[in-house]
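See below for the structure under consideration.
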Amino acid sequence: MIEIENLVKKFGPFTAVDGISFKVEAGQVLGFLGPNGAGKSTTMKMITGFLAPTSGKISVCGHAVNGDARAAKRQMGYLPEGAPAYGEMTPAQFLQFIADVRGLSGSHRTERIATVIEQLHLDRVINQPIETLSKGFKRRVGLAQAILHDPKVLIMDEPTDGLDPNQKHEVRELIKGMAQDKIVVISTHILSEVDAVCTRAIIITNGRIVADETPQELIARSPSGKLDDVFREITLAEHLS
Amino acid sequence: MKNIAIIFKRELASYFATPVAYVFIVIFLVLSGALTFHIGAFFERGQADLAPFFNFHPWLYLFLVPAISMRLWAEERKSGNIELLLTLPISMIEAVIGKFLAAWLFTAIALFLTFPLWITVNYLGSPDNGVIFAAYIGSLLMAGGFLAIGACISATTKNQVIAFIISVVICFAFLLSGFSIVLDFFRGWAPQYVVDAIASLSFLTHFSSISKGVIDLRDIVYFASLIAVWLYANAVVIEMKKAS
Ligand SMILES: Nc1ncnc2c1ncn2[C@@H]1O[C@H](COP(=O)(O)OP(=O)(O)OP(=O)(O)O)[C@@H](O)[C@H]1O
Ligand SMILES: [Mg+2]
């Protein structure tokens, strides 16, 4: 379970995240929605322990992120925005490095590496330096890295950005397939994705939560039955107020 | 401990995955050879020792070590990899030490590759090999000091060129503080203990005493604490700067 209480992040005088609270249970796929600059990535960076919150509490599977960071980090797999990776390494070397850090060993290690390579179709580029890969393949390496240790909690910042339609479909299926016993938090700008994979959607604007319900409930709000219209209505209304 | 080894291994491999390692090693060997033979008059002196070789090390390191250290953290921040690294179950200090040790071992490899010079001098005469060994140790410690400074400075910026220039300037100050011109400037008005303190901060003071063959505990403590202080500062700087 992830528990977040009154999370605030200020950059100088600017408040990027302004008092966010929510809980996520295992089995939920939570989608973070919101306009550019809403504070989605900043919230994820705090959950994963990269940024220290200005105030507020985060606990992941019972471990306080600003207390026992290492225990919390062990439970999580994280795909940062832009899927950074060491460019001079090949996906094979990179996954070996992540497996080292995650403490995987023996046959379990071999099997996990083989599984993620297969799940993300990396075999074709497995020995090519990551910096020479196309954007979509880089993203797939980032996804492979995040799920390598089969974490209880998966945090993914725009996981399908830059993927081709077939890969988008596969990654969504992958997320759905893993979701049963995990907590998955993704951010996305593709609203159809929310409907397709998320069991719950949180819309953030200006660092605050303005909606927290199931995608179906959100859709039901709009006479046109389109998530896009609901999104525009909610986020623009907030903008004007 | 295990995490330090994992970071160390990855970093060291990354030097050799790019031309950086080879360019650095070749330049280090060519420059140290050229300086020793031409300016240091290795043969003309007619003495079987490596003093002309080691005398140039502080000046070689002044430019070459910042060239190694500049990318340590600047690149990590620029590429966004720092976000990946620091959200893995690794502590900041493990990452700092692992990266530093990899860079240090790398300079040690470059230094080790100057061994033909040691063999040459033994072939030509009968040098005091104990002194030469001590000088190698001193040189390695000094390289560690330069690297720790460079690593910390590299964490302050995303720009490797800026990291390089600032590191050179700070390392230069650490070298110069042992020079008699600088010390004379203070001697006129500052109390003796201030002059001594400034002199004792200098790489040169400590390096030259080790390279004369005396491995004094104080010199080792000096370099060890210098490295520890700068690496601690390195961790603090990353903590402050990682968000931006
Ligand atoms: N290091 C920083 N220093 C100053 N401001 C920052 C910093 N990081 C983020 N911000 C600001 O915080 C706000 C939220 O940024 P964030 O990256 O969380 O947005 P986002 O919701 O992920 O947007 P996008 O959909 O474009 O990815 C933005 O206005 C951004 O400019
Ligand atoms: Mg974002």
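Data table
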| quantity | calculated |
| --- | --- |
| Equivalent ellipsoid dimensions for chain A as semi-axes, Å, which come from the Cα gyration tensor, largest first | 30, 21, 16 |
| Accessible surface of residue B:61 - all protein chains present, 1.4 Å probe, nearest 10 Å² | 10 |
| Diffusion constant of segment A:63-111 at 20 °C, which comes from Stokes-Einstein with the Kirkwood Cα-pair radius and 1.002 mPa s, µm²/s | 170 |
| B/A buried area, accessible surface, summed, 1.4 Å probe, Å² | 2300 |
| Amide proton proximity set for residue A:200, modelled H, under 5 Å, gap of 5+ | A:29, A:31 |
| Heavy-atom accessible area, 1.4 Å probe, ligands and nucleic acids excluded: residues of segment A:82-111 down by at least 30 Å² from chain alone | A:84, A:86, A:88, A:97, A:100, A:101, A:102 |
| With DNA, RNA and ligands ignored, accessible area of residue A:158 (1.4 Å probe; Å², nearest 10) | 40 |
| Rg to Rh quotient for chain B, alpha carbon positions, Kirkwood Rh | 0.99 |
| Two-decimal Rg to Rh for segment A:175-241 - Kirkwood Rh, Cα set | 0.99 |
| At least 30 Å² of accessible area lost relative to the chain alone, listed for segment B:74-104 with a 1.4 Å probe | B:81, B:83, B:84, B:86, B:87, B:88, B:89 |
| Using alpha-carbon coordinates, inclination of helix B:92-112 to the longest axis of chain B, degrees | 30 |
| Nearest-ten-degree value, helix B:57-69 long axis tilted from longest Cα axis of chain B | 10 |
| Convex hull of Cα atoms in segment A:86-150, direction-averaged projection (nm²) | 3.7 |
| Geometric extent, Cα atoms of segment A:1-74 - Rg, Dmax (angstrom) | 12.0, 37 |
| Relative contact order [Cα under 8 Å, 6+ residues apart], segment A:176-241, whole percent | 23 |
| Cα long-axis angle, helix B:20-34 against chain B (0 to 90 degrees, to the nearest 10) | 10 |
| Accessible area (Å², per residue) of segment A:137-241, counting only protein heavy atoms and a probe of 1.4 Å | 43 |
| Hull volume in cubic angstrom per residue (convex hull over the Cα atoms of segment B:54-103) | 71 |
| Convex hull of Cα atoms in the protein assembly as shown, direction-averaged projection (nm²) | 28.2 |
| All Cα pairs of segment B:123-244, percent lying beyond 24 Å | 40 |
| Accessible surface of segment A:100-160 [probe 1.4 Å, protein heavy atoms]: carbon and sulfur percent | 48 |
| Theoretical ellipticity at 222 nm over the protein assembly as shown - DSSP helices of four or more residues, -39500 (n - 2.57) apiece, nearest 500 | -18000 deg cm²/dmol |
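The values are calculated or read from the model by the stated rules, or taken from the named source; none is laboratory data. Quick caveat, the model's predicted, so the values are computed rather than measured. All accessible areas refer to the heavy atoms of the entire protein, side chains included, with ligands and DNA or RNA removed. Shrake-Rupley method; radii C 1.70, N 1.55, O 1.52, S 1.80 Å.
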